[in-house]
């Protein structure tokens, strides 16, 4: 009798907690799954435990942000932004003891958006596995690539629907087609402090890879990882990046070792940002948000043939030292901003009232303001779509293109055609030689304690 009453109570609680007519989803797989290569499992945990806890704190923030945004009224965003950021920062100093799943700290949103959580947890597992491979000194340096490729194959093939694409973000973001959706920029604009925390987090993940890459298997790795992690607290949190850094910028050596994994992490980080935009947006119901989220997840998932576009990128700073927080890391200018501007220019002829190819200067100015965190002086209110409509009232838009779950096919086709032209002119980045183990070069003075 007691068991029956408890079952009914749990069912009622879950339905009420969801607060939506969206049916609860069948979950027939666990997350995360990390049991395929026990030889290196948990090497990062034991060798770089302080850094492991930073990663766990970052992933706590990722999980909790879903509920923070979904449950907060937009009119209260600026009020709660400081509180959310303070909570995320507190976890950096008092981190979880182990890697949390998204559902652990974002249970409310997980009832309606579990496929989002599955994609995130699955890719965080790939993060951990690839960290472990570099940290495991029993794997010779000249076999790091081989073991990384084995982890990559398991990640892509064991749950392909959850796996993020190994193609460059230039391709997958065009497939997603989110720039002219009404939610675009909602998180970046209304929660600038929380947004900057995640820009810091997406600096941290790649530079830790790069610290291991310059340190080799020996004590140099411990030194490089420690110094790089210290930058988080001594410099970066006080002067945060103003854009999402891409892997090719912040871990150029690792991006050449495993371009597929590097792109997977870029695609995950972009999915985080898109999901936060959608959850922060108030114009849609939970059902509509689910439809749009799942459309984007499918667009940015692994698709056959994506491997052909895994090396289609250039490395702007091939010799960067992850132990240094360089000025170019702080600015809004970089690969992400250039990519967005390219995509907008490609879409413009399909939107322009007269089919012109030249984007008006005032429209381009609004785009740049919309890409910057927080509200900028002279920025028009609302989304990028709202700003463009205010400046060009008779802009052309295909029917239903801005609605939830609908792919803006004309704009996506225009962007993909533009990318195909660009990709033909971009030589594949050459593989990184791994025959010789690196020795840690002299670096900056140790960070103050």
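On inspection, residue 219 passes the criterion of being surrounded by fewer than 22 Cβ atoms within 10 Å (Cβ to Cβ), at negative phi and out of contact with any strand residue (DSSP E or B) (no Cβ under 9 Å at 6 or more places or on another chain). When the stretch 380-411 is limited to residues that are in a helix (DSSP H, G or I) and in contact with a helix residue (DSSP H, G or I) (Cβ under 9 Å, 6 or more places away or on another chain), the one that is surrounded by the most Cβ atoms within 10 Å (Cβ to Cβ) turns out to be 388.
The C-beta contact set for the stretch 357-369 (first residue on the phi < 0 side of the Ramachandran plot and in a helix (DSSP H, G or I), second residue at pLDDT 95 or above and surrounded by fewer than 13 Cβ atoms within 10 Å (Cβ to Cβ), distance under 8 angstrom, 6+ apart or interchain) comprises 365/378; 369/378.
Just the residues that are in a helix (DSSP H, G or I) and exposed (fewer than 13 other Cβ atoms within 10 Å of the Cβ), please, taken from the stretch 73-82. Scanning the stretch 73-82 gives 75, 76, 79, 82.
For the condition exposed (fewer than 14 other Cβ atoms within 10 Å of the Cβ), within 24 Å of residue 197 (Cβ to Cβ) and touching a residue at least 24 places away in the same chain (Cβ under 8 Å), residue 337 does not qualify. Consider the stretch 320-330 and keep the residues that are in contact (Cβ under 8 Å) with a residue 12 or more places away in the chain and part of a loop (DSSP other than H, G, I, E, B). The one that is nearest to residue 210 (Cα to Cα) is 322. Restrict the check to the stretch 46-65 and report whether at least one residue is surrounded by 18 or more Cβ atoms within 10 Å (Cβ to Cβ), assigned to a helix (DSSP H, G or I) and more than 23 Å from the chain's Cα centre (by Cα). Yes: one or more hits. Report yes if some residue within the stretch 116-130 is buried (at least 20 other Cβ atoms within 10 Å of the Cβ), part of a helix (DSSP H, G or I) and out of contact with any helix residue (DSSP H, G or I) (no Cβ under 8 Å at 6 or more places or on another chain); otherwise report no. Yes, the stretch 116-130 contains at least one residue that is buried (at least 20 other Cβ atoms within 10 Å of the Cβ), part of a helix (DSSP H, G or I) and out of contact with any helix residue (DSSP H, G or I) (no Cβ under 8 Å at 6 or more places or on another chain).
If you go through the stretch 283-295 and keep only what is over 15 Å from residue 385 (Cβ atoms) and not in a helix (DSSP H, G or I), you end up with just 285. Evaluated against (1) assigned to a loop (DSSP other than H, G, I, E, B); (2) under 26 Å from the mean Cα position of the chain (by Cα); (3) modelled with pLDDT of 95 or more, residue 333 falls short on exactly one condition, (3).
Residue-wise test of (1) more than 30 Å from residue 229 (Cβ to Cβ); (2) modelled with pLDDT under 95; (3) touching a helix residue (DSSP H, G or I) at 6+ places or on another chain (Cβ under 8 Å).
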position	(1), (2), (3)
317	no, no, yes
343	yes, no, yes
353	yes, yes, no
371	no, no, yes
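Considering only the stretch 157-175, state which residues are at pLDDT below 95 and assigned to a helix (DSSP H, G or I). If the condition is that a residue be at pLDDT below 95 and assigned to a helix (DSSP H, G or I), then 157, 158 are the ones that fit.
Selection of helices (runs of 4 or more DSSP H) fully inside the stretch 176-265 by the criterion of at least 3 residues being under 19 Å from the mean Cα position of the chain (by Cα) returns 186-190, 192-215, 247-250, 252-257. What do you reckon, is residue 430 touching a residue at least 40 places away in the same chain (Cβ under 8 Å), surrounded by fewer than 16 Cβ atoms within 10 Å (Cβ to Cβ) and under 30 Å from residue 141 (Cβ atoms)? It is true that residue 430 is touching a residue at least 40 places away in the same chain (Cβ under 8 Å), surrounded by fewer than 16 Cβ atoms within 10 Å (Cβ to Cβ) and under 30 Å from residue 141 (Cβ atoms).
Could you tell me whether any residue of the stretch 138-156 is out of contact with any strand residue (DSSP E or B) (no Cβ under 7 Å at 6 or more places or on another chain), assigned to a loop (DSSP other than H, G, I, E, B) and surrounded by fewer than 19 Cβ atoms within 10 Å (Cβ to Cβ)? Scanning the stretch 138-156 turns up at least one residue that is out of contact with any strand residue (DSSP E or B) (no Cβ under 7 Å at 6 or more places or on another chain), assigned to a loop (DSSP other than H, G, I, E, B) and surrounded by fewer than 19 Cβ atoms within 10 Å (Cβ to Cβ). Within the stretch 98-108, is even one residue closer than 19 Å to residue 136 by Cβ and either touching a strand residue (DSSP E or B) at 6+ places or on another chain (Cβ under 9 Å) or assigned to a helix (DSSP H, G or I) (or both)? Within the stretch 98-108, not a single residue is closer than 19 Å to residue 136 by Cβ and either touching a strand residue (DSSP E or B) at 6+ places or on another chain (Cβ under 9 Å) or assigned to a helix (DSSP H, G or I) (or both).
Listed conditions (1) farther than 30 Å from residue 79 by Cβ; (2) surrounded by fewer than 21 Cβ atoms within 10 Å (Cβ to Cβ) are all met by residue 313, apart from (2).
The values are calculated or read from the model by the stated rules, or taken from the named source; none is laboratory data. What you see is a predicted model, and the numbers here were worked out from it, not measured in a lab. No Cβ is skipped: glycine too gets one built from the backbone with ideal geometry, and neighbour counts run over all protein chains shown.
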